[in-house]
Amino acid sequence: MNIVFYYVKHPSPAENMAAEGIAWNDIYASNVKANIKFTSNNFPKSTVILISDDDTSLNLNLPNLATIKIQQRCCFPESRQHKFLTNYFHCYKAGHQDIITTFIERWFVIYDVLKANKIENFVALDSDCLLLEDITQHDYKKIGINIVSNIERCWGNSLICSTSHLDQFLDLVCSFYADLHTSQKSGGAYIDSFFKSPKQNICDMALWYLMYQRYPDLFVNNLTIDSNDSVHDLVLGYDPKDPSLQEEYQKFTTQNGVAVNSTDPALFNDGNVKIRKVIYTEDGPCFEERETKKLIKAKSLHFSPGELKFKIKPFIEEYQKIYRKAL
């Protein structure tokens, strides 16, 4: 497998979120290093690729890790990335334009790196997503992504894709914003014309959904339990008051979030969320089907939303103790 991580520092220092005076950039850097070490150790025959502007993360010394430094966050005028930025129309209720464009731009950078290194297939992991199962047998004629039937977004936290399909996705992104730029409609009206309901937030998840909408036969849903009784994780936690994820989260047993310990970022949690219960078995971490109580092996765990991502390091430590896979 070729496993890709893309990590850059928060693009807006003034918005670099902090909890109890602890900068999120520092915590994210710590988490991504822990995740890369975990991935490198668990899949020693795979190539782990880190694309980053963070020198500390780039200094990791692992036998199967290739690091690529982003020299500066810019692009050539003739590049697709530049065309995307030129035509970009920001549609995100909370603002955060720098963050949202960074989320989208990463796919351009990842493509350029893969193309330059003649890598045909890859798995792209978010920094808060742990891969637990080897997925070498994936049919790369299909894009593996998390699809929830009633939500017009696709989660790419554990994207399984070919470089040629990523190229196709980037063409779609560029044409979407180029057509918006020349449309006689307002930006909001143009965007809404692609969705069943008005959209207040457009990020890369919505753009992957447009790709899925246009080419449904190119996709397989990572949230479908496979013949080996294994499945990828959408997100570990969810707000019970959010109706959009109720159907997905009724599939598996959940538990209440623990109380917040604001002095220790490793223990951050949101007591208002429900968390998917993870059960350790000899074969690896599993979810429990709510109705049948059948155990379903977790191919990945996505430590989201919010402060759940700061539970990655404690989980890795526990995982190593149980399965004796020391880093």
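Observations on the model:
- Computing Rg and the Kirkwood Rh from the Cα coordinates of the chain gives a ratio, Rg/Rh, of 0.94.
- Using alpha-carbon coordinates, inclination of helix 312-323 to the longest axis of the chain, degrees: 40 degrees
- Other residues within the sphere of radius under 9 Å centred on the Cβ of LYS9, judged by their own Cβ, net out at -2 (K and R +1, D and E -1).
- Entry note, the chain: relative contact order of 18 percent, from Cα contacts under 8 Å with a spacing of 6+ residues.
- Near LEU223, the amide H atoms lying under 5 Å from its own belong to ILE147; only residues 5 or more places off or on other chains count, and H is placed 1.01 Å from N.
- Taking the DSSP beta bridges with both ends in the chain, the antiparallel portion is around 60 percent.
- Neighbourhood charge, 14 Å Cβ-Cβ cut-off, centred on ALA206 and excluding it, Lys, Arg +1 and Asp, Glu -1: +2
- Label-point gap, in nm, between SER183 and LYS93 - each point 7 angstrom along Cα→Cβ: 1.9 nm
- Between 0 and 90 degrees, the angle of helix 163-182 with respect to the longest Cα principal axis of the chain falls at about 50 degrees.
Computed from the coordinates by the stated procedures, all read-outs in this text should not be read as laboratory data. Every value quoted in this text rests on a predicted model; they were computed, and no experiment measured them. FYI the Cβ positions are ideal-geometry reconstructions off the backbone, even for glycines, and counts take in every protein chain you see.
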